[in-house]
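These notes are about the structure you will find just below.
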Amino acid sequence: MATSTVPLQADWRQEWFEIEDATYLNVASQSPMPKVSIRAVQAALEAMKNPHHKADSTFFEVPNRIRASIAKLIDAKPEEIALTSGASAGVAAVAYALAWKPGDEVISAKGEFPLQYAAWKPMEEREGLKLKIVSPRERFISADDLIAALTPRTRVVSVSMVRFDDGSLLDAARVAAACHKQGALLLLDVSQCCGAMPLDVHQLGADFLVCAGYKWLLGPFGTGFFWIKSEHLGMMRPGPFYWLAALSSDNFSALNLADPKPGANAKRWDSPEWASYFNFNLVALDGSVDFVVRMGPQTVLAHNRKLIGLMYERLPKDRCVPASPLDAGQRGPYGCFAGRSREKTAELYEHLRKENVIVSLREGNIRVSPHLFNTERDIDRLISAVTT
């Protein structure tokens with residue numbers, strides 16, 4: 001797996017500004033940015049006082065570094081990575097770039113994150129494809145559920161690797177192998193695991209990855225990436241592209257204005273006017289993703305598994321039930337629980353908010369998503385608030 005070495009670090013908490021007014025256990029919703037990212041944005045803002053001090057090459061330095069960092073995280077090539085405004089942009093890129101035939105199927109899962117429906121439902125009317133929603137046969141969606149739904153008409157399986165509502169982890173490699181056996185493609189949303197779990201695109205077998213940048217990549221809202229397996233670049237339909245993705249666009253004095261062509265890489269799907277040093281969100285993401293690479297996703301995963309394990313041990317069993325797989329190997333970097341009824345869960349969530357214990361309420365489950373700035377004391381604070 002990529003990026004599996006655990007670095008030695010005495011106290012990662014020093015890398016964030018302290019959250020003094022709350023116990024923050026909500027990285028799966030939005031991460032606090034580390035100090036290095038905040039300071040990078042401050043430096044970029046200061047540089048805008050004198051933009052003439054920046055050479056043309058500045059336009060490419062930050063996006064190139066981010067591509068390289070993301071490539072390290074997922075064991076990919078930088079040229080396979082587009083910098084986007086979030087996961088939705090990547091799914092839309094796939095939806096528009098593939099050639100469809102009426103009756104083609106896209107498979108997703110019941111209760112998936114809304115971007116799956118927002119991306120694929122309009123394509124039913126536009127291209128005549130059919131979106132098939134698969135329900136789990138047991139409590140959590142599984143590879144077996146998705147594989148059983150495949151038909152000769154299936155073109156794409158589009159699902160989350162880690163579910164936003166229950167934290168369950170999909171056996172993506174099994175799904176990918178079954179897809180490829182019959183000529184279908186696998187698109188994975190890795191927003192809820194990339195940066196907090198080691199990922200290797202070769203082992204996953206996926207054809208496309210999409211990811212938001214403001215969760216486990218520790219960046220700001222409105223950032224993300226889209227990865228496409230390089231073998232698929234040639235089969236994607238042509239479409240509008242960001243002008244800085246054109247061949248030879250790094251030479252502003254010799255642009256091809258008559259007939260620009262995109263390079264043989266994923267940059268054509270960069271969010272327009274996005275990939276530049278002068279985009280402060282991207283400057284922040286640069287610092288954040290580099291930090292994620294340095295600390296190592298395996299470090300986050302081991303830390304979070306310990307904290308979530310403690311949470312499940314200490315939750316009062318008379319009023320709370322686990323809502324994620326108890327086997328740590330079958331869930332992502334966080335865990336969910338619920339009250340004995342949906343109403344009790346909502347009441348408990350409101351109580352936690354009043355106690356300044358910041359978690360999320362998602363589809364009837366309370367989602368607890370710590371990071372390296374959290375300690376066992378924060379889990380104790382959560383349990384104390386639950387039991388009072």
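The values are calculated or read from the model by the stated rules, or taken from the named source; none is laboratory data. Remember, predicted model here, so these are calculated numbers, not experimental data. Reconstructed Cβ throughout: ideal geometry from the backbone, glycine too, with neighbour counts over all protein chains shown. Quick note on the areas: whole protein, heavy atoms, side chains included, nothing else; ligands and nucleic acids left out. Shrake-Rupley method; radii C 1.70, N 1.55, O 1.52, S 1.80 Å.
Here are some notes:
- Condition met for Glu376 (under 26 Å from the mean Cα position of the chain (by Cα) and under 28 Å from Lys35 (Cα atoms)): yes
- Subset of the stretch 227-255 [surrounded by 15 or more Cβ atoms within 10 Å (Cβ to Cβ) and of a type in the set (Ser, Thr, Tyr)]: Tyr242, Ser249
- Scanning the stretch 313-351 for residues that are part of a helix (DSSP H, G or I), touching a strand residue (DSSP E or B) at 6+ places or on another chain (Cβ under 7 Å) and surrounded by 18 or more Cβ atoms within 10 Å (Cβ to Cβ) gives Thr345, Leu348, Tyr349.
- Residue match in the stretch 256-276 (condition: surrounded by fewer than 21 Cβ atoms within 10 Å (Cβ to Cβ) and at pLDDT 95 or above): no
- Scan the stretch 338-388 for residues that are under 21 Å from Phe164 (Cα atoms) and without any contact (Cβ under 8 Å) to a residue 12 or more places away in the chain and the total you get is 5.
- Residues located in the stretch 372-386, provided they are open to solvent by less than 30 Å² (accessible area, probe 1.4 Å) and more than 16 Å from Glu313 (Cα to Cα): Leu372, Asn374
- Taking the criterion of being of a type in the set (Asp, Glu) and either modelled with pLDDT under 95 or open to solvent by 70 Å² or more (accessible area, probe 1.4 Å) (or both), the only residue of the stretch 110-135 that qualifies is Glu125.
- Within the stretch 352-366, being open to solvent by less than 10 Å² (accessible area, probe 1.4 Å) and either modelled with pLDDT under 95 or in a strand (DSSP E or B) (or both) holds for Val357, Ser360, Ile366.
- Only one entry in Arg237, Arg155 is touching a helix residue (DSSP H, G or I) at 6+ places or on another chain (Cβ under 6 Å) and among the basic types (Lys, Arg), namely Arg237.
- Residue within the stretch 283-304 that is surrounded by 18 or more Cβ atoms within 10 Å (Cβ to Cβ), in contact with a helix residue (DSSP H, G or I) (Cβ under 7 Å, 6 or more places away or on another chain) and either part of a strand (DSSP E or B) or without any contact (Cβ under 8 Å) to a residue 12 or more places away in the chain (or both) present: no
- Given (1) open to solvent by less than 10 Å² (accessible area, probe 1.4 Å); (2) assigned to a helix (DSSP H, G or I), number of the condition Leu186 does not satisfy: (2)
- The stretch 39-51, residues that are surrounded by fewer than 16 Cβ atoms within 10 Å (Cβ to Cβ) and not small (Gly, Ala, Ser): Arg39, Gln42, Leu45, Glu46, Met48, Lys49, Asn50, Pro51
- Condition met for Asp171 (within 29 Å of Trp100 (Cα to Cα), open to solvent by 20 Å² or more (accessible area, probe 1.4 Å) and free of Cβ contacts under 8 Å to residues at least 40 places away in the same chain): yes
- Listed by first and then second residue, the pairs with beta-carbon distance under 8 Å, at least 6 apart or on different chains, first residue in the stretch 309-337 and free of Cβ contacts under 8 Å to residues at least 60 places away in the same chain and within 23 Å of Ala172 (Cα to Cα), second open to solvent by less than 10 Å² (accessible area, probe 1.4 Å) and not acidic (Asp, Glu), are Ala328/Ile308.
- Residues in the stretch 189-226 that are part of a helix (DSSP H, G or I) and buried (at least 19 other Cβ atoms within 10 Å of the Cβ): Val201, Leu204.
- Count - residues of the stretch 61-109 that are among the aliphatic types (A, V, I, L, M), part of a helix (DSSP H, G or I) and modelled with pLDDT of 95 or more: 14
- For the stretch 60-112, the candidate set comprises residues that are among the hydroxyl-bearing types (Ser, Thr, Tyr) and within 16 Å of the chain's Cα centre (by Cα); within that set, the residue that is nearest to Phe252 (Cα to Cα) is Thr84.
- Condition check for Ser369: within 20 Å of the chain's Cα centre (by Cα) and open to solvent by less than 60 Å² (accessible area, probe 1.4 Å): yes
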